[in-house]
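K.L.:
To start, I am sharing the structure in question, which I have written as structure tokens.
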6 protein chains.
Amino acid sequence: MELVPSNSLKTATPQEGRELAIKMARLAIKATQPDAEARERLRPVYAENPDSLIAIGQVIATEFATIAAANDYWR
Amino acid sequence: MELVPSNSLKTATPQEGRELAIKMARLAIKATQPDAEARERLRPVYAENPDSLIAIGQVIATEFATIAAANDYWR
Amino acid sequence: MELVPSNSLKTATPQEGRELAIKMARLAIKATQPDAEARERLRPVYAENPDSLIAIGQVIATEFATIAAANDYWR
Amino acid sequence: MELVPSNSLKTATPQEGRELAIKMARLAIKATQPDAEARERLRPVYAENPDSLIAIGQVIATEFATIAAANDYWR
Amino acid sequence: MELVPSNSLKTATPQEGRELAIKMARLAIKATQPDAEARERLRPVYAENPDSLIAIGQVIATEFATIAAANDYWR
Amino acid sequence: MELVPSNSLKTATPQEGRELAIKMARLAIKATQPDAEARERLRPVYAENPDSLIAIGQVIATEFATIAAANDYWR
């Protein structure tokens with residue numbers, strides 16, 4: 001399955017880098033729980049749990065750090 | 001939706017870098033839970049939970065590490 | 001036991017880097033819990049727990065950061 | 001509100017860098033929970049919970065990593 | 001007590017770097033809980049808890065990042 | 001209070017770097033909970049909790065990453 005959209009860490013802007021970070025975080029979870037129905041069932045659980053949302057924010061921040069470095073911080 | 005205000009990691013000062021880190025952390029959570037009412041409902045839960053507040057501090061620290069590197073630490 | 005497939009962090013693409021990150025994360029857990037039956041027993045527990053899935057995503061993001069740096073971000 | 005004392009990551013010594021890390025961690029939490037009374041109410045909760053204290057240690061370690069890099073590790 | 005086997009971060013291969021990461025993670029826990037009997041008693045607790053295993057995976061990933069950098073990623 | 005022993009991140013060896021990481025992690029917790037009696041009371045709680053021990057291992061790994069970089073990995 002696809003884990004890195006376009007198979008590249010290169011993006012034109014920080015905004016696109018952030019979108020890639022969110023996608024990569026989601027695809028990693030999909031690789032661990034490939035059952036779409038199970039993922040649908042879990043969505044309302046984490047979407048209403050602030051600690052889950054914060055933890056997702058932590059994963060996105062970590063993915064983004066790598067993507068930002070890969071793009072030399074869009075300098 | 002906007003994930004990186006001004007679509008740039010560049011800021012004039014560490015203070016502004018910190019403000020950007022906080023905004024980016026919030027926008028990542030908004031991307032995961034786009035329902036404004038749900039986010040409002042969750043606010044008093046995490047705002048009164050020290051572990052949630054600490055976890056948010058961890059996300060901000062991680063976002064800030066990237067922003068600080070992007071600004072060459074404002075040296 | 002094998003902890004790094006092919007004993008190398010080098011991969012041709014980000015997609016393969018991501019696959020390596022997932023494998024290394026799994027092999028580290030296997031090194032800690034080598035009993036295959038125990039791991040099988042635990043699978044439905046974490047696969048139905050959103051916080052476990054998010055935590056696995058965090059480990060994958062951290063492993064991937066190292067692999068991406070090792071490959072100079074496939075630039 | 002002030003998020004980075006003196007609006008600078010520069011410090012004379014590692015000790016001062018560590019003090020800055022602690023202050024920045026606290027100010028980030030203050031930005032999320034601006035109500036001083038609420039923060040006072042939560043203090044005895046986390047101060048008597050080892051897991052909260054460890055999590056605060058994790059945030060401080062992360063902030064310090066950035067500050068140390070900003071000061072070229074005081075070499 | 002010994003915290004870094006051979007007192008060196010240098011390893012010949014990624015596989016050996018990974019083994020060192022696992023050992024360093026275990027030795028840090030041993031430094032915090034030096035009582036061997038207590039550690040034995042805790043083993044079945046974390047070995048049957050997926051969240052504990054994932055958290056151990058996170059520590060190993062973090063230790064490995066440092067070891068990999070120390071070895072210039074075995075390039 | 002002292003937060004960085006000898007006010008330096010420089011150490012002669014990885015072993016000493018690891019000892020410094022452990023000390024800095026403990027001093028950060030001491031800065032947050034300065035009451036020695038309270039810390040004594042909490043010790044048996046975290047020392048018998050595998051998840052607390054793993055979380056301490058995570059903090060040590062993070063502190064060590066900074067110290068290792070500060071010492072150019074003792075290369």
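The values are calculated or read from the model by the stated rules, or taken from the named source; none is laboratory data. Model, not experiment: these values are computed from the prediction. When we count neighbours, we look across all protein chains shown, and the Cβ atoms used for this are built from the backbone with ideal geometry, even at glycine. We work out accessible area using only protein heavy atoms, side chains counted, and drop any ligands, DNA or RNA first. Shrake-Rupley method; radii C 1.70, N 1.55, O 1.52, S 1.80 Å.
K.L.:
What percentage of the solvent-accessible surface of chain C, computed with a 1.4 Å probe over protein heavy atoms, is contributed by carbon and sulfur atoms?
P.N.:
53 percent
K.L.:
I've got another one for you. Taking K and R as +1 and D and E as -1, what net charge do the other residues with C-beta under 10 Å from the C-beta of residue D:53 add up to?
P.N.:
Charge balance in the 10 Å sphere: 0.
K.L.:
Please go through the residue pairs A:30/C:23; C:10/C:30; F:10/F:30; B:30/D:23; D:23/F:30 and name each one whose alpha carbons sit more than 18 Å apart in this structure.
P.N.:
Table pairs above 18 Å Cα-Cα are C:10/C:30; F:10/F:30; B:30/D:23.
K.L.:
Same structure again: Select from D:44, D:34, D:14 the residue whose mean-square fluctuation is largest in a Gaussian network model of chain D (Cα-Cα springs shorter than 10 Å).
P.N.:
Of the options given, D:44 has the highest mean-square fluctuation.
K.L.:
Follow-up. Can you give the relative contact order of chain E as a percent, counting alpha carbon pairs under 8 Å and 6+ residues apart?
P.N.:
For chain E, the relative contact order is 46 percent.
K.L.:
Give me the inter-chain shielding for A:32-44: mean count of other chain Cβ atoms within 10 Å, whole number please.
P.N.:
3
K.L.:
Between F:39, F:18, F:26, which gets the highest mean-square fluctuation from a Gaussian network model of chain F, Cα cutoff 10 Å?
P.N.:
Of the options given, F:39 has the highest mean-square fluctuation.
K.L.:
Quick one: if you stick a label point 7 Å off each Cα along the C-beta vector at residue F:2 and residue C:1, how many nm between them?
P.N.:
Distance between label points: 4.2 nm.
K.L.:
Let me ask something else about it. Once each part is reduced to its C-alpha centroid, what is the distance from region E:1-64 to region A:1-69 in angstrom?
P.N.:
Cα centroid to Cα centroid, the span is 28 Å.
K.L.:
Interface B/D, total buried accessible area with a 1.4 Å probe, nearest 100 Å²?
P.N.:
Accessible area lost upon association: around 2400 Å².
K.L.:
Once you've got the GNM for chain F with C-alpha springs shorter than 10 Å, pick whichever of F:55, F:21, F:38 has the biggest mean-square fluctuation.
P.N.:
Evaluated over chain F, the most mobile residue of the options is F:38.
K.L.:
Quick one: P(r) of chain E from all Cα-Cα pairs, 5 Å bins, percents rounded to integers, in order of increasing distance.
P.N.:
It works out to 3, 16, 23, 23, 17, 11, 6, 1, 0, in whole percents.
K.L.:
Oh, and also: From the helices alone, meaning DSSP H stretches of at least four residues, give me the mean residue ellipticity at 222 nm for the protein assembly as shown, per-run term -39500 (n - 2.57), in deg cm²/dmol to the nearest 500.
P.N.:
Value at 222 nm, helices only: -23500 deg cm²/dmol.
K.L.:
Say each of residue C:41 and residue E:40 gets a label point 7 Å from the Cα, pointing the same way as Cα to Cβ; how far apart are those two points in nm?
P.N.:
2.1 nm
K.L.:
I would also like to ask the following. Is the shape of the protein assembly as shown rounded, prolate or oblate, going by the alpha carbon gyration tensor and its root eigenvalues a ≥ b ≥ c, with a/c under 1.5 for rounded and a/b larger than b/c for prolate?
P.N.:
Rounded.
K.L.:
Counting only heavy atoms of the protein chains, get the accessible area per residue of chain C (1.4 Å probe) and round it to a whole Å² value.
P.N.:
42 Å²
K.L.:
Please compute the average number of Cβ atoms from other chains found within 10 Å of each residue's Cβ in peptide E:20-27.
P.N.:
That average works out to 3.
K.L.:
If we hang a label 7 Å off Cα along the beta carbon direction at residue B:72, how far is it from the matching labels on the other copies, in nm, shortest first?
P.N.:
1.2, 1.2, 2.1, 2.1, 2.4
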